[in-house]
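Notes follow once the structure below has been shown.
Nothing in this text is a laboratory measurement; each read-out follows from the coordinates by a stated rule. All of these numbers come straight from a predicted model, not from anything done at the bench. A quick note on method: Cβ atoms are made from the backbone with ideal geometry, for glycine too, and the neighbour counts reach across all protein chains shown.
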Amino acid sequence: MNILRCLLWVPLVFLHIAAAHAETATGAGSSAAAPIYRSWAKAYSQAMGHAVEYESIGSSAGMKKIQQQAVGFGATDVYPSDKDLAEHGLLALPVAITGIAPVVNLPRMQGASLRLTGDVLSRIFMGEITRWNAAEIGALNTDITLPDLPIKVVVRADGSGTTYNFADYLGKVNAKWKAAYGIKNSIAWPAGFLAFKGSEGVAKGVRDTVGAIGYVDYGYVAEYGLSPVQMKNADGVYIRPSMDAFRSALSNSEWAASGSFNTTLTQRPGKSSWPITMGTFVVFPKVARNPEQTASALRFVIWSFLNGDSLVQENNFVRLPDRVQASAFRQITAVRDPQGRALGMGLLSSIHPPSP
């Protein structure tokens, strides 16, 4: 965090608003990123004495909340379009990197890991491949005895950034998927699919349904004892989801090259790159109608940027590159109160960066 530590101590044009010490910071949105916000909230409360309330309601619902300024910050796994940012007067900052894991519940696998290509995965989620012993799956798994079971596809029922990034990947590997379903937070899934709200709902749905396949953020794989699929990546290598695989995708993206963060991280080159990698973002209003509410949320996020790297990694997320962190931090200075004054949180007195 050396770059952010230096940025914090640069005399920015911040106005100290003493009244901005609201008791509770509020946020809502991404269920994929919920483990990060909950870990940060616990550490922040212990260190600073302020509470944080975070609602894990999905990216789409979180964006609606922040558009209405019903919470201090929104959380989404999709970088909003320039049109949406301008129309609603918002700015979005990256928080961390994770990956989406296709997960299965198949009997008698004896520790084996199912292999799939993007094309076969997309055809399963289009309802074209309907049984686990289908020839298309068997050709990729000649060393596994596949069960003669119907495939029970488990999907998100609510608007989801995880769904958006999953659809973005499927659209890159199968033009038919892109034409039929598009790249959206909510998909009109084929009849017969099992739909659940939130990443937690999908994880439980796969865990409790023999013959199921679903997609969840990587952080839920170990928590729910799920079996992730090996995917064939852009370089033609079958790999498992992992922190190192997410880092490889990140290092082969514009995020690492230029510090920009408005592109998706799916299907990136690199023999070690996980093909369904994604970023997660925090969203603030540029003009805060409730300055105390927004200031409390900003203070929480800045403190977490400065102190939360270890918690990011403990929750199976990848920290942002320093270049991206610095770019994100600078954008925070754009937040204003209704009178146009910079929302300074009394940074030097209320947030203590770690010692060099």
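In debye, nearest 20, what is the charge dipole magnitude of the range 99-277 about its Cα centre with +1 on Lys and Arg Cβ and -1 on Asp and Glu Cβ, if you could check? Walk me through the numbers before you get to the answer.
Numbers: 18 positive and 14 negative charges, 31 e Å.
Here the size comes out at about 140 debye.
How compact and how long is the range 230-291, expressed as Rg and Dmax of its alpha-carbon atoms in Å?
15.0, 51
What does the charge count around Leu170 come to, taking other residues whose C-beta lies under 11 Å from its C-beta (Lys +1, Arg +1, Asp -1, Glu -1)? Numbers along the way, then the final one.
Working: positive: Arg123, Lys172, Lys176, Lys178; negative: Asp119, Asp168.
The answer is +2.
How many angstrom lie between the Cα centre of the range 105-121 and the Cα centre of the range 132-176?
After rounding, the separation between the Cα centres reads 10 Å.
Give me the percent of Cα-Cα pairs in the range 99-277 that sit more than 22 Å apart, rounded to a whole number. Could you put the intermediate results ahead of the total?
Numbers: 6500 of 15931 pairs.
Here the tail beyond 22 Å accounts for 41 percent of pairs.
Where Lys and Arg each count +1 and Asp and Glu each count -1, what net charge lies around Trp132 among other residues with Cβ under 12 Å from its Cβ?
Computed value for this residue: +1.
Report for the range 99-277 the percent antiparallel among DSSP-assigned beta bridges with both residues inside it, nearest 5. If you can, show how the numbers build up before the last one.
On the way: 14 of 21 bridges.
Roughly 65 percent of the beta bridges in the range 99-277 run antiparallel, per DSSP.
Taking every pair of Cα atoms in the range 24-76, average 1/r, invert it to obtain the Kirkwood radius, and report Rg/Rh to two decimals. Intermediate values should be presented prior to the final figure.
Working: Rg = 10.7 Å, Rh = 10.8 Å.
Value, to two decimals: 0.99.
Given Cα positions, please report Rg to Rh for the chain, the hydrodynamic radius being the Kirkwood one. Please report the intermediate quantities before stating the final value.
Numbers: Rg = 20.9 Å, Rh = 20.9 Å.
We get a ratio of 1.00 for the chain.
To one decimal place, what Kirkwood hydrodynamic radius in Å is obtained for the range 230-339 from all pairs of distinct Cα atoms? Working shown, then result.
Numbers: mean 1/r = 0.0644 Å⁻¹.
Taking every pair of different Cα atoms in the range 230-339, averaging 1/r and inverting gives 15.5 Å.
In the neighborhood of Met278, defined by Cβ-to-Cβ distances under 9 Å, what is the net charge if each Lys or Arg adds +1 and each Asp or Glu adds -1?
Working: positive: none; negative: Asp77, Asp168, Asp217.
That sum, taken over residues with Cβ under 9 Å, equals -3.
What trypsin sites (Lys or Arg not before Pro) in the range 39-141 are in a loop by DSSP, with at most 13 other Cβ atoms within 10 Å of the Cβ?
Values: sites: Lys42, Lys64, Lys65, Lys83, Arg108, Arg115, Arg123, Arg131; in loops: Arg108.
Sparse-neighbourhood loop trypsin sites (Lys or Arg not before Pro): Arg108.
Please build a GNM for the chain, connecting alpha carbons under 10 Å apart, and tell me which residue among Asp235, Asp84, Asp143 fluctuates the most.
Of Asp235, Asp84, Asp143, the most mobile in the Gaussian network model is Asp143.
Count the lysine pairs in the range 99-277 that are 8 or more places apart or on different chains: how many have C-alpha atoms under 20 angstrom apart?
Number of lysine pairs found: 10.
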